[in-house]
Amino acid sequence: MLTDSEIKRYARQTMIFGEEGQEKLKNSKVFIAGAGGLGSPISIYLAVAGVGNITMVDHDIVELSNLNRQILHGDTDINRKKTESAEETLTNLNSDINVNIITETITDENVLDLVGDSDLIIDAMDNFDTRHTLNKAAFELNIPYFHGAVSGFDGQATTIIPGKTACLNCIFPQSPPKSVFPIIGLTPGLIGVIQATEVVKYITGEGKLLENEILLWDGLKSEVEKVKTNKRPDCEVCGH
């Protein structure tokens with residue numbers, strides 16, 4: 001049940017999906033992979049929306065070059081663990097939620113233990129190798145996977161539901177080479193908010209999700225395109 005303070009805090013939201021929807025948010029457990037450019041807006045907006053249990057995993061420390069986009073962190077956080085800075089920021093934003101931080105690198109060997117009993121996985125990573133690890137974990141655990149990626153002024157997002165949609169391996173069977181890519185903070189801000197919106201819609205049962213389609217954002221043209229995605233029968237993750 002919602003407390004009196006939560007009822008007041010979320011009054012504008014419960015006008016949309018009622019106290020029942022807010023209770024669903026409060027009781028949900030989300031797993032966010034990454035506390036950087038995408039993880040910042042995702043976690044901030046899920047925290048203030050009242051998602052009750054947020055687990056965030058990252059192994060890096062805060063560097064000055066992060067601060068043009070990683071808004072969980074500020075100047076005073078340089079050289080701190082990103083997870084510690086994230087926990088402090090999110091708890092300050094909403095003391096009614098539980099924030100669980102894990103300072104580790106996500107691998108094929110530990111991903112299932114890290115995700116634990118989370119209800120869903122949110123991809124806030126900067127490389128496709130780890131994304132494919134998360135995608136496989138989502139299908140092993142039979143929980144949704146919310147993908148987002150950015151570069152420069154461009155970004156993309158899709159929502160993957162095991163048994164219902166194409167998986168990440170269907171859409172991107174090959175991981176592009178790892179590289180240091182250009183980025184302006186506006187782009188992960190926008191894509192991260194789209195991912196957070198998908199998560200809130202999924203939990204509350206509101207609206208239409210980005211299922212079997214990927215949203216492509218061209219920031220220089222301010223254009224959005226949606227492209228249909230399809231399962232591949234030979235996919236080693238979901239094609240059986």
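Some observations on this one:
- In the chain, helical runs assigned H by DSSP with n ≥ 4 each contribute -39500 (n - 2.57); averaged across all residues and rounded to the nearest 500, the mean residue ellipticity at 222 nm is -11000 deg cm²/dmol.
- Listed by chain and number, the aspartates and glutamates placed with their C-alpha closer than 16 angstrom to that of LYS81 are ASP58, ASP60, GLU63, GLU104; residues fewer than eight positions away on the same chain are left out.
- Which listed pairs, of LYS201/LYS228; LYS82/LYS164; LYS26/LYS226; LYS136/LYS221, have C-alpha distances above 26 Å, in listed order: LYS82/LYS164; LYS26/LYS226; LYS136/LYS221
- Taking every alpha-carbon pair under 8 Å whose residues sit at least 6 apart, the chain reaches a relative contact order of 20 percent.
- Gyration tensor verdict on the stretch 37-119 (Cα atoms; rounded if a/c is under 1.5, prolate if a/b is larger than b/c, oblate otherwise): oblate
- Rounded to whole Hz, the Karplus (6.51, -1.76, 1.60) HN-Hα couplings of the stretch 64-79, x for glycine and proline: 4, 5, 7, 7, 7, 8, 8, 6, 5, 10, x, 4, 6, 9, 4, 6
- Antiparallel bridge percentage (DSSP; both residues within the stretch 4-228; nearest 5): 50 percent
- Across the stretch 29-36, computed HN-Hα scalar couplings (Karplus, 6.51 cos²θ - 1.76 cosθ + 1.60, θ = phi - 60°) run 10, 10, 10, 10, 8, x, 10, x Hz from first to last residue, x flagging Gly and Pro.
- Among ILE102, LEU46, ALA86 - extreme Cα towards positive end, dipole of the stretch 24-122, charges at beta-carbon: LEU46
- Per-residue HN-Hα couplings for the stretch 42-52 [Karplus 6.51, -1.76, 1.60; θ = phi - 60°; Hz; x = Gly/Pro]: 4, 5, 4, 6, 6, 5, 6, 7, x, 5, x
- Separation of alpha-carbon centers, the stretch 51-91 and the stretch 150-202, rounded to whole Å: 20 Å
- In the stretch 148-206, trypsin sites (Lys or Arg not before Pro) in a DSSP loop with at most 15 other beta-carbon atoms within 10 Å: LYS164, LYS178
- Under 5 Å from the amide H of LYS231 lie the amide H atoms of ALA166, each residue being 5 or more positions distant or on a separate chain, with H modelled from the backbone and absent for Pro and chain starts.
- About its Cα centre, the stretch 4-228 has a charge dipole of approximately 520 debye under the convention of +1 per Lys or Arg Cβ and -1 per Asp or Glu Cβ, with nothing else charged.
- Net charge in the neighbourhood of ASN66 (other residues with Cβ under 12 Å of its Cβ; Lys, Arg +1, Asp, Glu -1) is -3.
The numbers here are math on the coordinates, done by the rules we state, and not lab data. Bear in mind that the values here come from a model prediction, so they are computed numbers and not experimental data. Backbone-built Cβ (ideal geometry, glycine too); neighbour counts: all protein chains shown.
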